[in-house]
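The structure under discussion appears below in the form of structure tokens.
The values are calculated or read from the model by the stated rules, or taken from the named source; none is laboratory data. If you're wondering where the values come from, they're calculated on a predicted model, not measured in any experiment. Glycine also receives a Cβ, built like all others from the backbone with ideal geometry; neighbour counts cover every protein chain displayed.
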Amino acid sequence: MNTLPTVFIACRVFEQLLARHLPTEFKDRVTFLDYGLHANPKNLRKTLQAEIDSITTPSLIVLGYGLCGNGLKDIQSGIHTLLLPKTEDCIAIFLGSDEVYRKEFNAHPGTYYLTGGWLEAGSDPLKEYGKYVEKYGQKTADFVMNEQYKNYKRIALVGHSEEDLEEYRERAMQVAYYCKRWGMTYHEISGSDSYVRQLIEVATDLSKTDVPFLIVPPGKKIEGWTL
């Protein structure tokens, strides 16, 4: 069993998913960081490292992130032990495994995924467009958005229950309607909470860890990996 104090640091897009599954004793040990940090991997790395370094008691720090475009590469564990999903992309966490994500990616490349967490705390093409228009004007915003999204083929809302899909369907379809300009179609996918449940289980007993997770002992750093 894990004898270290356990704390969680996660991207805010996972707030809803973690809230459903975290044991009561963990709920006051979670720090959520802003999704916008993903826009610059260096900022994500710097902010996350500072958060880790601010914890003065040797702890098991569970990171609610994938590698995120190398945003977590070279993060130092310091006096702590780090535990994180061994996945390049957090979409795999929402879908339940890297295997499911790779199958989905191979079957439907060019998919932009949405979840309740993203729609609440993250970003989407419609939000981005509004910010670009406000900052640069409509003409430049249209150009930038076209460059970013012209190769996407569909929008997919990932839900972990029918209630999830019902709650966020209207908003997701608004995003999909905007994205019709690139020929994107709207789809819904059933996600899985198995990755998150396994992560919490391993956090209580590190001997249960397996391929989907990476453990970084004290004095080491997160390396990149190839799945």
Only unsatisfied item for PHE105, checking (1) loosely packed, with under 14 Cβ neighbours inside 10 Å; (2) in a helix (DSSP H, G or I), is (1)
Within the set of pairs 6+ apart or on separate chains, which have a first residue in the stretch 117-129 that is under 24 Å from SER161 (Cβ atoms), a second that is of a type in the set (Lys, Arg) and at pLDDT below 95, and C-beta atoms under 6 Å apart? ALA121/ARG12
Taking the conditions exactly as written (in the same structural domain as GLY183 (by TED's automatic domain parsing) and touching an Asp or Glu at 6+ places or on another chain (Cβ under 6 Å)), does GLY116 satisfy them or not? yes
Need the failing condition index for GLY36 against (1) crowded, with 19+ Cβ neighbours inside 10 Å; (2) touching a residue at least 60 places away in the same chain (Cβ under 8 Å); (3) closer than 28 Å to PRO125 by Cβ, just the number. (1)
Within the stretch 112-227, strands (runs of 3 or more DSSP E) holding 2 or more residues that are at pLDDT 95 or above: 154-159, 185-190
Going through the stretch 46-99 one residue at a time, which ones are of a type in the set (Val, Ile, Thr), closer than 21 Å to ASN2 by Cα and either free of Cβ contacts under 8 Å to residues at least 12 places away in the same chain or surrounded by fewer than 23 Cβ atoms within 10 Å (Cβ to Cβ) (or both)? ILE52, ILE55, THR56, THR57, ILE79, THR81
State whether one or more residues within the stretch 3-16 are in contact with a Lys or Arg (Cβ under 8 Å, 6 or more places away or on another chain), crowded, with 16+ Cβ neighbours inside 10 Å and of a type in the set (Lys, Arg). no
Which residue is farthest from ASP164 (Cα to Cα), if the candidates are limited to the stretch 17-33 and must be out of contact with any Cys (no Cβ under 8 Å at 6 or more places or on another chain) and surrounded by 13 or more Cβ atoms within 10 Å (Cβ to Cβ)? ARG29
So how many residues does the stretch 1-17 have that are farther than 16 Å from ASP34 by Cβ and among the aliphatic types (A, V, I, L, M)? 4
